[in-house]
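S.K.: First the structure, which I've put down as structure tokens, then a few questions once you've had a look.
The numbers here are math on the coordinates, done by the rules we state, and not lab data. Owing to the predicted nature of the structure, the values given are computational and were not obtained by experimental measurement. Cβ coordinates were reconstructed from backbone atoms using ideal geometry, including for glycine residues, and neighbour counts include every protein chain displayed.
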Amino acid sequence: MAPSVVDAPSPPVGLYVHFPFCVSICPYCDFVVLAGSDTLGPRNRIASYVDAVLTELDLRADVVDERFGRPGRTAGRRAPLASLYLGGGTPSLLAPDDLAGIVERVRRRFGLADGAEVTVEANPGPDERGDVFLQRDAGISRISFGAQSFNAAELGQLGRRHSPGDVADAVDAARAAGIGSINIDLLYDVPGQSLASWTDSLERAIALGPDHVSLYALVLDDPDAEGLTGPSGDHLPTSAGARRWRERARVAQDDDRAAAMYHFAVHRLTEAGFHGYELSNWARPGHESRHNLAYWERRPVEAVGPGAHAFDGLDRRWTAARLDGYIAALRPADHAVPPSLPPGGVEPRLDPTAAAAEALILGLRLEAGVPLLAFLEPPFDETLAWADAAGLVEQTTDGRVRFTTNGRLLSNEVFARLI
Ligand code: SF4
């Protein structure tokens, strides 16, 4: 019998809004992003996009209202959102009025709890990070800076437009504006990166005093080969140049060096007062990303924008990545036609065993792990016993099971056995 995972539709606890525009496209990037004249200049499509997003917010909110009632703080109302996350792309490019308009629409249609976490992703360059004081006034409480490296050569290699000094300026400006929670993203296993340059980047990030640090190994997938870039797929086709860049970069990656980088980071961030609450994420106490925790805890999150994925507690759906179809549905050229939800798809519903496997895989990502008793039966007991014998998991005194540091490094091997 499969362990019980209660799958039932419930109101979203968070909302993701995707902003698919960047000044230029980094060759490793798999996010749904457009650049060039779509982003800058007289023919940019940002204004049309913001209109479309506001309409999608209304249409999605109508559906949620219909299923779970309207948001509010009184009995019988659904709870307002605990988090809003504006990701991209580079949502810090949004004009302050547009940013404020999106936050306000979310507050009006979905509700935002007192003290809700409202994050915007930002690139650190002076022409990309936006006015942090106006972002604060729009309701932003958390900024996630895509620093990636503090080494100028690595930033150039990655196609990034900012300098290492820009990150310090961006963090200083955010602090001066009173932004209460600041994250810095770094990449490791970057072509040409040495252990010395990685430790230097990490030290420089820590020296800026962030509240949260995310460390991601550079992943060089091929969404075309994975069949994700068709007309209703959740990815855009990869350019030939980006594909060639990835082929060259792949041969310069090194698993052993990446493991050494991760081990160093675990040691150094712990020493600096962070705790690794998830495989790739470290926070000072109280600064864990509430929005991302909802994904790992398998809680329902609504999502808006091309390529965005939502979960309602039972089913997962996505919106197609292509901007033309997205805008055509939400802003029909024929004004006699009402706006409709954009194209996309729904994943097949998981059976109870698959849902439990998903809960186990997501839960093991967390430092808190999962309750051991809930998974001590087939088909999971065998894998957990194997991982225990291999020193990849450990039991806590309160009856939970979680990864050891070696287990974190080999998590994909454990997950592969659970799928
Ligand atoms: S800045 Fe970020 S979202 Fe934009 S292309 Fe680069 S990696 Fe992708």
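S.K.: Using each residue's phi in the range 251-264, evaluate 6.51 cos²θ - 1.76 cosθ + 1.60 at θ = phi - 60° and report the 3J(HN,Hα) Karplus result to the nearest Hz, with x for Gly and Pro.
M.R.: 6, 8, 7, 8, 4, 5, 5, 4, 5, 5, 5, 5, 4, 4
S.K.: So for the pair residue 413, residue 23, with labels modelled 7 Å out along Cα→Cβ, what separation do we get in nm?
M.R.: Result for the modelled spin labels: 4.3 nm.
S.K.: Under 15 Å from the 7 Å Cα→Cβ point of residue 203, by amide nitrogen: which residues of the range 247-268?
M.R.: Counting only backbone N, you get 264-265, 268.
S.K.: Springs between alpha-carbon pairs under 10 angstrom, Gaussian network model over the chain: which of 69, 399, 305 fluctuates most?
M.R.: 399
S.K.: Among 358, 66, which comes first, then next, by fewest other beta-carbon atoms within 10 Å? Please list the in-between numbers first.
M.R.: Numbers: 358 17, 66 9.
Least crowded to most crowded, the residues run 66, 358.
S.K.: Also, I was wondering about something else. Could you list the square roots of 5 times each eigenvalue of the Cα gyration tensor of the chain, that is, the equivalent ellipsoid semi-axes, sorted largest first and rounded to whole Å?
M.R.: Working from the Cα gyration tensor, I get semi-axes of 32, 28, 22 Å.
S.K.: Also: What order do you get for 291, 275, 267, 335 when you list them from fewest to most C-beta neighbours inside 10 Å?
M.R.: Ranked by crowding around the Cβ, least crowded first: 335, 267, 275, 291.
S.K.: Run the quick spin-label model on residue 324 and residue 376: label points 7 Å from Cα toward the beta carbon, then report their separation in nm to one decimal.
M.R.: About 5.8 nm, to one decimal.
S.K.: Indicate, rounded to the nearest 5 percent, the antiparallel portion of the DSSP beta bridges found entirely in the chain.
M.R.: 35
S.K.: Whole number please: convex hull volume per residue of the Cα set in the range 1-149, in Å³?
M.R.: Per-residue hull volume (Cα only) is 160 Å³.
S.K.: Continuing with this model, one more query. Stretch residue 398-residue 108 to full length: gain in nm at 0.36 nm per residue minus the Cα-Cα span?
M.R.: Value of the extension gain: 100.3 nm.
S.K.: What's log10 of I(q)/I(0) for the range 272-419 at q = 0.10, 0.12, 0.13 Å⁻¹, Debye sum over Cα points only, no solvent?
M.R.: Log10 I(q)/I(0), no solvent term: -0.48, -0.63, -0.71.
S.K.: Counting residues in the range 177-245 as N, plug N into 2.2 N^0.38 Å and put the Cα Rg over that result.
M.R.: Cα-based Rg divided by the globular estimate yields 1.53.
S.K.: Order of 234-241, 130-137 by packing, highest average Cβ count within 10 Å first? Write down the numbers at each step before the final one.
M.R.: Details: 234-241: 15.9, 130-137: 18.8.
Put in order of decreasing packing, that is 130-137, 234-241.
S.K.: Kindly write out, for the range 344-349 in residue order, the coupling ³J(HN,Hα) from the Karplus curve 6.51 cos²θ - 1.76 cosθ + 1.60 (θ = phi - 60°), rounded to whole Hz, with x marking Gly and Pro.
M.R.: Per-residue couplings from phi come out as x, x, 10, 6, x, 5 Hz.
S.K.: At 222 nm, what value in deg cm²/dmol follows for the chain if DSSP H runs of at least 4 each add -39500 (n - 2.57) and the sum is divided by all its residues, to the nearest 500?
M.R.: -11000 deg cm²/dmol
S.K.: How many nm separate the modelled label positions at residue 137 and residue 63, each set 7 Å beyond the Cα in the direction of the Cβ?
M.R.: 3.5
S.K.: How long are the three semi-axes of the equivalent ellipsoid for the range 350-419, computed from the Cα gyration tensor as the root of 5 times each eigenvalue, in whole Å, largest first? Numbers along the way, then the final one.
M.R.: Working: eigenvalues 57, 35, 25 Å².
Sorted largest first and rounded, they come to 17, 13, 11 Å.
S.K.: Among residues other than residue 57 whose Cβ falls under 14 Å from its Cβ, what is the net charge (Lys/Arg +1, Asp/Glu -1)?
M.R.: -2
S.K.: Another question about this same structure. How long is the range 199-330 along each principal axis, judged by its Cα atoms, biggest number first, in Å?
M.R.: 51, 39, 25 Å, listed from the longest principal axis down.
S.K.: May I ask you to compute the full-extension gain from residue 153 to residue 275, defined as 0.36 nm times their residue separation minus their alpha-carbon distance, rounded to one decimal in nm?
M.R.: Additional length available on full extension: 41.0 nm.
S.K.: Order these peptides, 16-28, 402-414, 174-186, by their mean beta-carbon neighbour count within 10 angstrom, highest first.
M.R.: Packing order, densest peptide first, comes out as 16-28, 174-186, 402-414.
S.K.: Give me the extension gain from residue 390 to residue 252: residue separation times 0.36 nm, minus the current Cα-Cα distance, reported in nm with one decimal.
M.R.: Extending this stretch completely gives an extra 46.8 nm.
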